[in-house]
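Structure, as structure tokens:
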Amino acid sequence: MRMLLRVSIPVEAGNAAAKDGTLGPTIEGILADLKPEAAYFFADDSGQRSGSIVLDMKDPSQIPAVAEPCSKGIWRSRLRLSDDRSVSSLHSS
């Protein structure tokens, strides 16, 4: 099942992590564990560092393993399920 993981990094926490050099390694570590199909990072409308990560889960029991690393530390996250197998459907909804 294809999932869209939306993450946001609050400005203060993101700036502190960027300043102390942990932002990049933290994101790289999470992405290495998730092995996403695609990952896009951008500034959202409120100026927070944000990202959309597309990944495929074999079973819903994997949700805690995906969400837990994202909820620790600097990220806030939301998961969205797509029954459609195309990445474009995740971005258009």
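Applying the criterion of being modelled with pLDDT of 85 or more and under 12 Å from the mean Cα position of the chain (by Cα) to the residues of the stretch 52-73, the residue that is surrounded by the most Cβ atoms within 10 Å (Cβ to Cβ) is I53.
Considering only residues that are in contact (Cβ under 8 Å) with a residue 40 or more places away in the chain and among the hydrophobic types (A, V, I, L, M, F, W, C), look in the stretch 1-15 and name the one that is surrounded by the most Cβ atoms within 10 Å (Cβ to Cβ). The qualifying residue surrounded by the most Cβ atoms within 10 Å (Cβ to Cβ) is I9. Restricting the stretch 16-39 to residues that are in a helix (DSSP H, G or I) and either acidic (D, E) or touching a Leu at 6+ places or on another chain (Cβ under 8 Å) (or both), the residue that is surrounded by the fewest Cβ atoms within 10 Å (Cβ to Cβ) is D20. Being surrounded by 11 or more Cβ atoms within 10 Å (Cβ to Cβ) and either in a strand (DSSP E or B) or at pLDDT 75 or above (or both) is a property that S89 lacks. Among residues of the stretch 14-26 being among the small types (G, A, S) and within 16 Å of the chain's Cα centre (by Cα), the one that is farthest from D56 (Cα to Cα) is G14. The set of residues from the stretch 5-36 being among the β-branched types (V, I, T) and closer than 21 Å to L55 by Cβ comprises V7, I9, T26, I27, I30.
Only one of the listed residues (R49, R76) is surrounded by 12 or more Cβ atoms within 10 Å (Cβ to Cβ), within 19 Å of A13 (Cα to Cα), at pLDDT 80 or above and of a type in the set (D, E, K, R). That residue is R49.
The values are calculated or read from the model by the stated rules, or taken from the named source; none is laboratory data. Keep in mind it's a predicted model, so treat the numbers as computed, not measured. Cβ coordinates were reconstructed from backbone atoms using ideal geometry, including for glycine residues, and neighbour counts include every protein chain displayed.
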